[in-house]
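Structure, as structure tokens:
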Amino acid sequence: MHADFADTSNGVAYAPSVQLVDSPSLRSGQAIWADVLASRVLEMAAQTQIDRTAERQTLGLPTGIPGLDRVLNGLSPRGLYILGGAPGAGKTSLALQIACEVAKQTPVLYLTYENAPDDLVLKAICRLALVQPGAVERGRADLSRLGKGAATFATMSPRLAFVEGTSRLTLDALRMHAEQIVARHRATRCLIIVDYLQRMAVHQQNGSMADNISALSLGLRELASAVDSPILAISSLSRAGSYDSPTLQGLQGSEDLEFAADVVLLLGIRQDVSLSSKAIANATVGSRLLDLVVAKNRYGESFKGIPLLFRPTVGDFQEDTRA
């Protein structure tokens with residue numbers, strides 16, 4: 001981790017925050033004149049045409065999952081995305097895979113409460129190498145394949161920063177980290193991933209857990225607007241919800257999350273499985289057939305399921321085009 005990402009939990013001060021270029025779109029809570037906004041809308045329309053001419057598949061940051069990118073048009077700046085699912089469904093694996101895809105071109109800040117940063121790097125390399133992390137830990141991995149995965153990871157790793165969550169990490173500190181990596185790479189924005197939301201909410205000082213989730217979800221939305229960057233926050237499910245087919249109501253703190261989020265993605269077991277998909281799953285040892293359901297989408301189509309094939313042993317998701 002670079003020195004400018006020092007943690008204040010040990011009394012080490014953060015490096016001075018680098019301010020983003022002042023822009024009407026970033027100054028939330030202040031009056032913005034309509035003529036300024038009109039100019040920005042026309043600039044955006046012109047840039048959209050340029051991007052389409054250049055055959056960009058999405059206008060937002062691409063997730064690397066074609067079906068999801070088609071529905072969402074990528075991850076939009078200032079958007080708050082919630083990814084929910086049962087324990088062990090693969091939420092962290094999916095978020096890490098998206099992080100690696102985005103980091104090919106755009107900096108990513110990954111806030112982790114569940115896994116140590118070196119464990120996440122191991123998982124990322126193993127996915128690219130199609131090697132099981134457990135085999136590495138037992139000294140049984142194919143080092144040649146692992147080396148090839150590491151070489152591929154090296155093409156994105158300079159733009160992927162991890163911050164280990166602590167009880168003292170605040171939204172202001174998270175914003176400082178985001179501004180620093182944007183400035184470091186001379187980028188216009190970054191992707192922020194929070195893994196996961198309820199663990200961060202535990203340390204908030206707003207009363208009950210429900211109050212903490214409410215305040216944090218609104219705070220993350222404001223942060224996305226302030227740094228003009230998308231935020232993908234992983235959410236657990238309440239015990240009352242269905243783990244196989246999660247719903248919006250099954251999210252822990254569902255009402256507040258649904259209100260604050262621009263997009264809610266729910267990862268669950270696929271209920272309607274075609275014969276061809278069953279054949280693919282049977283041919284891939286240990287694989288699972290899942291659906292990533294777009295349960296809420298302020299930007300377009302909702303209740304759209306993207307069929308996925310998940311290989312938990314290597315943490316890899318692929319879209320099931322035969323579903």
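Given all pairs of different Cα atoms, what value in angstroms does the Kirkwood hydrodynamic radius of the chain take?
About 20.6 Å, per the Kirkwood formula over Cα pairs.
If I stretch the segment between I32 and S302 completely, what's the gain in nm (0.36 nm per residue apart, minus their alpha carbon distance), one decimal?
Fully extending the segment from I32 to S302 adds 94.1 nm.
In the chain, what is the count of Lys pairs whose alpha carbons are under 26 Å apart, counting only pairs at least 8 residues apart or on separate chains?
11
What nm value, rounded to one decimal, do you get for the distance between Q271 and T166 when each label is placed 7 Å out toward the C-beta?
Taking the two extended label points, one gets 4.5 nm.
Quick one: putting +1 on the C-beta of Lys and Arg, -1 on the C-beta of Asp and Glu, what dipole do you get for the chain around its Cα centre, in Debye to the nearest 20?
So the dipole magnitude of the chain works out to roughly 740 debye.
Evaluate the charge dipole of segment 191-275 about its Cα centre and quote only its size in Debye, nearest 20, assuming +1 on the Cβ of each Lys and Arg and -1 on the Cβ of each Asp and Glu.
Dipole of segment 191-275, to the nearest 20 debye: 240 debye.
Whole-Hz Karplus ³J(HN,Hα) for segment 193-208, in order, using 6.51 cos²θ - 1.76 cosθ + 1.60 and θ = phi - 60°, x for Gly and Pro?
10, 10, 10, 9, 5, 5, 5, 5, 5, 4, 8, 6, 10, 10, x, 6
Evaluate the relative contact order of the chain (contact order divided by residue number), counting alpha-carbon pairs under 8 angstrom at least 6 apart; express in whole percent.
Relative contact order of the chain: 22 percent.
What's the local net charge at G64, with K and R +1, D and E -1, over the other residues with C-beta under 10 Å away?
Once positives and negatives cancel, what remains is -2.
Which FRET efficiency value, to the nearest 0.05, do you get for A46 and E222 by plugging their Cβ-Cβ distance into 1/(1 + (r/R0)^6) with R0 = 30 Å?
Calculated transfer efficiency: 0.55.
Give the residue list of GluC sites (Glu not before Pro) in segment 246-304 that are DSSP loop and have at most 13 other beta-carbon atoms within 10 angstrom.
In loop regions of segment 246-304 (DSSP not H, G, I, E or B), the sparsely surrounded GluC sites (Glu not before Pro) are E301.
When the convex hull of the C-alpha atoms of segment 69-130 is computed, what volume per residue in Å³ does it have?
125 Å³
Report the full-extension gain for the segment R70 to D211: residue separation times 0.36 nm, less the Cα-Cα distance, to one decimal in nm.
47.3 nm
Starting from the Cα of Q318, step 7 Å toward the Cβ, then list every residue of segment 116-134 with an amide N under 16 Å from that point.
Output list for this probe position: 127-132.
Around S214, with a cut-off of 9 angstrom between Cβ atoms, what is the net charge of the other residues, counting Lys and Arg +1 and Asp and Glu -1?
It works out to a net charge of -3.
Under 5 Å between amide H atoms, partner at least 5 residues away or on a different chain: which partners does Y110 have, H built in plane at 1.01 Å?
Placed amide hydrogens put A161, F162, V163, I193 under 5 Å from Y110.
Charges on Cβ only, +1 for Lys and Arg, -1 for Asp and Glu, centred on the Cα centroid of segment 63-266; of L80, H203, P230, which one is farthest towards the dipole's positive end?
P230
Among Q318, A281, Q271, flag the residue with its Cα farthest along the positive direction of the charge dipole of the chain, charges on Cβ as +1 for Lys/Arg and -1 for Asp/Glu.
Of Q318, A281, Q271, it is A281.
Rule-based calculations on the coordinates, nothing more; no lab input. Just so it is clear, the model here is predicted, and its values are computed rather than measured. No Cβ is skipped: glycine too gets one built from the backbone with ideal geometry, and neighbour counts run over all protein chains shown.
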